Amino acid sequence: MKKIIGCKLVTEYGVGNTEVNRVIANITIIDTYNKQRRKLNISFDDVSRMLSGKGSYILECDNINFSPEKLCNPGGDKDFGWIVSLLINAAYYYSFITKDKYISMVRKHFDEYYLPRYYSKSKLCSDFFNRYFLNKSKNAFGTYENMFQHYEDVIEAKGRIVYLQKGGKFCGCYYDEYNRCRPITSSKYSERIIPIAEKLWVCFSEETK
C-alpha cells in the first residue's frame, strides 16, 4: 500500500516574476510495505486529467508514468482527492481558470471520485466541506450539519428529490386455506428524501455564487 505523507505547493512565475503561471504539488509517498519514500511532482494540468482517480498518465514535470489509483484512500486525510483539491483551489485562486470552469471541475471530481468511492456519506460531506468551502464559510457554520440547517429551505427548493421504497419486511408466516405456509410482510411505501450528497452540492452552489 502507498500513502501520501506530505505535500508542498510550489509556484512557478513567468517572465518578469510578476504572475504565477504554474502550480505544482510536490508530494512525498511512502510504500508501507518496504518503507521506501518517493517524491513526485503533480501539476494542475495533470490533475485536470485525473479527476476520477482512475487510469494512467504521463506526469508533465517528471515525464514518468503515474497511476493515482493506489493513492485513492477516501476518508484518509491525505488521499489523492486532497491533492486534487489543493491544485484546483490554487488554480482558481491564481486565476488560471474561471469560476464557471472551477465549479465544472469540482462537479466532475465530485461525481467521479467522491460519490462512487466514499462508503460513509458523512465522511464525504466532512472532507468536501473542509476542502472546497472558503474559510469564511467554515468559520460561519463550523460543520456541514449546521450549514444544512442554514440552507434548509434552499435545499428543499433546489435539491434533487428521490423516492425510496420502504417496508416489505418479513413479519412472520400464516397458513392459507390449502394449509400452505405463506409469508407475512409489512406494507410497502415510498419515502421522499433529498440525498445528503445532494444537500452538500446545493450548499456549495450557494456559497460559490
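Take a quick pass over region 54-119 and tell me how many lysine pairs come in under 16 angstrom between Cα atoms, counting only ones 8 or more apart or on separate chains.
Lysine pairs, 8 or more places apart or on different chains, close enough: 4.
Checking the cross-link filter: which aspartates and glutamates have an alpha carbon closer than 18 Å to that of Lys35, excluding same-chain neighbours under 8 positions apart?
The reachable aspartates and glutamates, counting only those whose Cα sits under 18 Å from Lys35, are Asp79.
Measure out, as a whole number of angstrom, how far apart the alpha-carbon centroids of region 64-124 and region 1-59 sit.
Centre-to-centre distance over Cα atoms comes out at 13 Å.
GNM, the chain, Cα, under 10 Å: largest mean-square fluctuation among Gly75, Gly53, Gly168?
Greatest mean-square fluctuation among the candidates belongs to Gly168.
Which one of Tyr132, Tyr119, Tyr163 has the biggest mean-square fluctuation once the chain is modelled by GNM with Cα springs under 10 Å?
Fluctuation is largest for Tyr163.
Among Ile24, Ile184, Ile196, determine the one that fluctuates most according to a GNM of the chain built with springs between C-alpha atoms less than 10 Å apart.
Ile184
For Tyr33 paired with Lys2, estimate the spin-label separation in nm (one decimal), with each label point 7 Å from Cα along the Cα-to-Cβ line.
About 1.2 nm, to one decimal.
Which value in nm describes the separation of the simple spin-label points at Glu12 and Asn63, placed 7 Å from the Cα toward the beta carbon?
Result: 1.2 nm between the two label points.
If you average 1/r over every pair of different alpha-carbon atoms in the chain and take one over that average, what Kirkwood value in Å do you get? Please list the in-between numbers first.
Working: mean 1/r = 0.0500 Å⁻¹.
Kirkwood hydrodynamic radius for the chain: 20.0 Å.
Every read-out reported here was derived from the displayed coordinates using simple, explicitly stated rules and does not represent laboratory data. Not measured: the values here are computed from a predicted model. Because the Cβ atoms are built from the backbone with ideal geometry, glycine has one as well, and the counts that use them run over all protein chains shown.
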